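Written below as structure tokens is the structure these notes are about.
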Amino acid sequence: MSSSTEVPGDQPDQARAAALHALGDTTISFGSIGQDDVATAPGLTAEEQAAVAALPRTSALLVMRRGQSGGSRFLLDADRTVAGRSESSDIFLDDVTVSRKHAEFIRELDDFKVRDIGSLNGTYVNRTRIDSTLLKAGDEVQIGKYRMLFYPSPRQHEAPVDGPVAG
């Protein structure tokens, strides 16, 4: 039997470790990862952290965690990026658990949404089936048997830098 428990992120490391140990066999939700936490985001290698830190303001990165191409990274830098089993997909996921056109990632200003586009097996964010949802740093997107972590640019909500003004 497992339960869901939220462990506050502002506890000192020792107190937090003790709280985790006391919980035993449970599912723990740490909440979303803030923009300042990307450099220490759990599950990212130093190389992946550097890739996220270098992202342009209006882009994001998907890091493959499960599936045939584990460790792969997919840059989201277009207004619409389609993931599916079709070889013409922007993100090609070669498995029968994935529909030909399974899901799309849509950029809306500085944010990204994922939307299921009529797939047979559904699209999941943090293990919940979705039709469409806004993504936050550290969200897990599951398409078929593939699981990817979503990381937006750390500069996601900064004001755009204007070029020099001609006078």
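The values are calculated or read from the model by the stated rules, or taken from the named source; none is laboratory data. All values reported here derive from a predicted model rather than from experimental measurement. No Cβ is skipped: glycine too gets one built from the backbone with ideal geometry, and neighbour counts run over all protein chains shown. Accessible surface areas use protein heavy atoms only, side chains included; no ligands, DNA or RNA. Shrake-Rupley method; radii C 1.70, N 1.55, O 1.52, S 1.80 Å.
For residue 110, indicate whether it is in contact (Cβ under 8 Å) with a residue 40 or more places away in the chain and over 16 Å from residue 64 (Cα atoms). Spell out how you get there, then give the answer.
Working: in contact (Cβ under 8 Å) with a residue 40 or more places away in the chain: yes; over 16 Å from residue 64 (Cα atoms): yes.
Criteria met by residue 110.
Within segment 128-153, residues that are more than 15 Å from residue 63 (Cα to Cα) have Cβ atoms under 6 Å from residues that are open to solvent by less than 40 Å² (accessible area, probe 1.4 Å) and not in a strand (DSSP E or B) in these pairs: 129/122; 144/95; 144/98, counting only partners at least 6 apart in sequence or on another chain.
Tally up the residues in segment 97-112 that are out of contact with any Gly (no Cβ under 8 Å at 6 or more places or on another chain) and either at pLDDT 95 or above or open to solvent by 40 Å² or more (accessible area, probe 1.4 Å) (or both), please. Explain how you work it out, then say what you get.
Residues of segment 97-112 out of contact with any Gly (no Cβ under 8 Å at 6 or more places or on another chain): 104-112.
From what's left, either at pLDDT 95 or above or open to solvent by 40 Å² or more (accessible area, probe 1.4 Å) (or both): 104-109, 111-112.
Counting residues in segment 97-112 that are out of contact with any Gly (no Cβ under 8 Å at 6 or more places or on another chain) and either at pLDDT 95 or above or open to solvent by 40 Å² or more (accessible area, probe 1.4 Å) (or both) gives 8.
Based on this model, can you work out whether residue 115 counts as outside any loop (DSSP other than H, G, I, E, B) and open to solvent by 30 Å² or more (accessible area, probe 1.4 Å)? Show your work before the answer.
Values: outside any loop (DSSP other than H, G, I, E, B): yes; open to solvent by 30 Å² or more (accessible area, probe 1.4 Å): yes.
Yes; evaluated as a whole, the condition is true for this residue.
Look at segment 49-71: where a residue is surrounded by 15 or more Cβ atoms within 10 Å (Cβ to Cβ) and a partner is modelled with pLDDT under 80 and outside any loop (DSSP other than H, G, I, E, B), sitting 6+ places away or on another chain with Cβ atoms under 6 Å, you get 49/39; 52/38.
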